[in-house]
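One structure below.
The values are calculated or read from the model by the stated rules, or taken from the named source; none is laboratory data. Treat the numbers as computed from the prediction; the structure is a model and nothing was measured. Backbone-built Cβ (ideal geometry, glycine too); neighbour counts: all protein chains shown. To get the accessible areas, we keep the full protein, side chains included, count just its heavy atoms, and leave off ligands, DNA and RNA. Shrake-Rupley method; radii C 1.70, N 1.55, O 1.52, S 1.80 Å.
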Amino acid sequence: MGLTVHDLTVRYGSLTAVSAVDLSVPDGSVLALLGPSGCGKSTLLRAVAGLEPPTTGRVCWDGADLAGVPVHRREFGLVFQDGQLLPHRNVAGNVAFGLRMRGVDRAARRERVAELLELVGLDGYEARRSTELSGGEQQRVALARALAPHPRLLLLDEPLSALDRALREQLAMDLARVLAGTTALVVTHDHDEAFTLADRVAVMRAGRLVQTGPPAEVWRSPVDEDTARFLGCGAFVPATVHGGVATCELGSVELPWAQSGSVLLGLRPSALRPAASGLKGEVVQRIHRRDHVRLRVRLESGREVDAVAGVLDTASAVTLALDPDGVALVSRRG
Ligand code: ADP
């Protein structure tokens with residue numbers, strides 16, 4: 001059954017950090033709690049861990065209320081943003097820490113440590129001092145340490161956000177592989193990370209869960225404009241869907257999964273791309289990103305739109321068409 005949270009509220013004085021949250025993390029699944037900084041994600045995770053007492057509501061494992069069960073008896077593994085390794089212990093000592101606490105004997109500890117270091121890509125690192133590790137290596141050790149005692153739930157609070165971007169992307173892929181099949185709750189403000197790591201995403205805003213669903217569903221159908229904006233949509237246009245094709249003032253786009261009717265489309269910058277036919281316009285700004293160029297284009301109608309082009313695309317006059325990958329269906333209207 002796994003983790004269930006019922007009607008959980010956490011207040012700090014007059015501030016309500018978490019408000020009437022219901023969620024579940026079934027056994028063997030990974031849920032990402034995604035939202036802007038300050039929306040209450042960490043507070044919710046800390047309440048699940050037992051580090052923060054709920055003001056009202058319940059945290060349950062397999063249906064049993066965990067109120068009164070202290071942090072170290074919940075059998076949850078914790079990973080924080082900055083590893084929090086024990087500085088006076090080497091890597092093996094850090095990974096084995098929870099095992100020692102549980103009275104696991106030396107030979108079994110050594111075997112489990114080696115197994116986990118291999119899993120996180122650090123085989124042979126046993127004797128390294130934890131103070132001599134890079135940020136990415138420290139997070140890998142923190143993950144190995146949290147996994148060592150076979151926790152029934154892994155709680156990760158922004159596990160990658162202290163790392164630089166290239167490392168973060170690599171570690172996100174590795175973490176996705178390690179988490180597959182485990183039961184985990186991951187807190188992040190980064191939607192790429194949430195979608196890489198999780199089977200389901202729960203979007204949080206101002207203490208409340210506003211949408212929960214599989215990554216693809218949340219990405220293509222954000223529940224409202226604020227959620228769509230948080231997920232990268234910079235512009236919105238009304239459209240009509242008929243037979244899986246949405247038509248708006250910028251053209252038509254195939255959205256086979258969309259039901260017919262009046263809708264609001266959210267456009268990410270990649271919603272418009274150069275094409276053989278479509279809207280003609282003049283490039284007024286060009287910004288190089290890693291593997292593409294972000295364009296600001298003034299259309300013949302006078303309207304300015306964002307678009308994405310290849311880095312070799314340097315023409316000042318462009319023809320743009322809608323690309324379904326950049327289009328979200330925000331809501332149905334009427
Ligand atoms: P997030 O993890 O989404 O960034 P937090 O859960 O850390 O958000 O914080 C939610 C809100 O609760 C914020 O307004 C924050 O300032 C406040 N808050 C967090 N921890 C405490 C605390 N220990 N005491 C008082 N206010 C807190």
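What is the antiparallel percent of DSSP beta bridges lying wholly in the stretch 186-248, to the nearest 5?
Close to 100 percent.
Do you know the relative contact order of the chain, to the nearest whole percent, from alpha carbon pairs under 8 angstrom that are 6+ apart?
17 percent
I'd like to compare 95-103, 311-319: which one has the highest average count of other Cβ atoms within 10 Å, and what's the full order after that?
Ranking the peptides 95-103, 311-319 by packing returns 95-103, 311-319.
Which value in deg cm²/dmol, rounded to the nearest 500, describes the helix-derived mean residue ellipticity at 222 nm for the chain, given -39,500 (n - 2.57) per DSSP H run of n ≥ 4 and division by the residue count?
Calculated from helices alone, the mean residue ellipticity at 222 nm is -6500 deg cm²/dmol.
I need the Debye-formula profile for the chain: one equal scatterer per C-alpha, no solvent, reported as log10 I(q)/I(0) at q = 0.12, 0.14 1/Å, two decimals.
-0.91, -1.09
Of the heavy-atom accessible surface of the stretch 14-157 (probe 1.4 angstrom), what whole percent is carbon and sulfur?
About 48 percent, which is the carbon plus sulfur part of the accessible surface.
Let me check the size of the stretch 119-261 from its C-alpha atoms; what are the radius of gyration and Dmax in Å?
In order Rg, Dmax, the Cα atoms of the stretch 119-261 give 19.5, 64 Å.
Can you quote the Å³ per residue value for the convex hull of the Cα atoms in the stretch 234-274, rounded to an integer?
68 Å³
Express in whole angstrom the spacing between the alpha-carbon centres of the stretch 116-177 and the stretch 303-327.
39 Å
Based on the Kirkwood radius over alpha-carbon pairs, what is the Stokes-Einstein translational diffusion coefficient of the stretch 123-190 at 25 °C with 0.890 mPa s viscosity, in µm²/s?
Answer, rounded: 191 µm²/s.
Find the Cα radius of gyration of the stretch 39-195, compare it with 2.2 N^0.38 Å by division, and give the number to two decimals.
1.04
Measure out, as a whole number of angstrom, how far apart the alpha-carbon centroids of the stretch 2-49 and the stretch 245-302 sit.
Between the Cα centre of the stretch 2-49 and that of the stretch 245-302, the gap is 36 Å.
Per residue, what accessible area does the chain have, given a 1.4 Å probe and all protein chains present, in Å²?
Value for the chain: 48 Å² per residue.
Leaving ligands, DNA and RNA out of it, report the carbon-plus-sulfur percent of the accessible area of the stretch 181-257 at a 1.4 Å probe.
That fraction is 51 percent.
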